[in-house]
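None of the figures in this text is laboratory data; all of them are computed from the coordinates on show. Source: prediction; values computed, not measured. In this analysis, Cβ positions are derived from the backbone assuming ideal geometry, glycine residues included, and neighbour counts consider all displayed protein chains.
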Amino acid sequence: MPNSFADQTPDESISYLFGSVIALLTVAIVLFSIIYFVYHLFWPSRAASQFFKKNQHVVEDGLILIHHLPFFKALDEAGKKLLIKNAGILFETVQFKQADGRFLDKSKAYQVSLTLALVALGLERKNHYGHLSSVVIHPEIFYSDLLEQNVKGLSLGKGIMHLSWSDFEHGWEHNDDRYNLGLHEAAHMLLICKYTHINSSYDGWTKVARQFIANQSINPIEKVMFRPYAITNLDEFWACCVEQFFEMPEMFSIKHPLIYQLTKSKLGH
């Protein structure tokens, strides 16, 4: 039996080298996988902490957006810190850009991050929004080739969110018009990223929502909480419910207590 590489036949030498290469590749893949896992497990949180230290004014300005919300006021210090941290993670992991391809300034990017983090706060401790890869900001209403019409916002299954900045700002500046573009599109993205689910036969929220939409289609008596667009389809009704949950929770709970409780539950609160 050969006892050294020099004593081996050509075929045995090739087999030995091939086996050695495979073993090295396997070790390299395992090490790379471990490093990749550890990196993605710890880097976003660390990056978020560093972002807060370097951009405290950006965070403070962003919080002005939501400081009036009853939901935010009711959060304890741990909840507020988690919200800020999750927004920082989104800021670091999602690409924010303008419609012309240039990077979006930090203040605007953080405001969008904070809106997304707010909506998903009860659903996921490490708030990455799954497949969300980029947010594209348009100055105002823009044309969608997909829908072949002008739109204010659009969330796509490929992980891209489009927002009209003028309408995003308007939504936060006016909390009594039943419309907040940021919250609305964040609600759609929750469905796209599978943070929550609707439209299944066994889902309580879906059953109640379908009945509500059907009743409104026949006899539209609801004119306080939901604008007509809300009953277009189940997805739009979900997004509108999320808007009202954050902006008008007291009225929502009084006018439609069951839908409110079911929406609250689906948001993890």
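Summary table
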quantity: Extension gain (nm, one decimal) between Gln216 and His197, 0.36 nm per residue minus Cα-Cα; calculated: 4.6 nm
quantity: Highest to lowest packing among 140-148, 202-210, 159-167, scored as the average C-beta count within 10 Å; calculated: 159-167, 202-210, 140-148
quantity: Environment charge of Lys106, counting only residues whose C-beta is closer than 15 Å and scoring Lys/Arg +1, Asp/Glu -1; calculated: +1
quantity: Neighbourhood net charge (11 Å Cβ-Cβ; Lys/Arg +1, Asp/Glu -1) for Trp205; calculated: +3
quantity: Nearby lysines by direct alpha-carbon distance to Lys81 (threshold 27 angstrom, same-chain neighbours under 8 apart not counted); calculated: Lys53, Lys54, Lys73, Lys97, Lys106, Lys108, Lys126, Lys194, Lys264, Lys266
quantity: Spin-label proximity, Asp145 to the stretch 67-102 - amide N less than 17 Å from point 7 Å beyond Cα toward beta carbon; calculated: 99-101
quantity: Theoretical FRET efficiency, 1/(1+(r/R0)^6), r = Cβ-Cβ of Ile22 and Ser107, R0 51 Å, to 0.05; calculated: 0.50
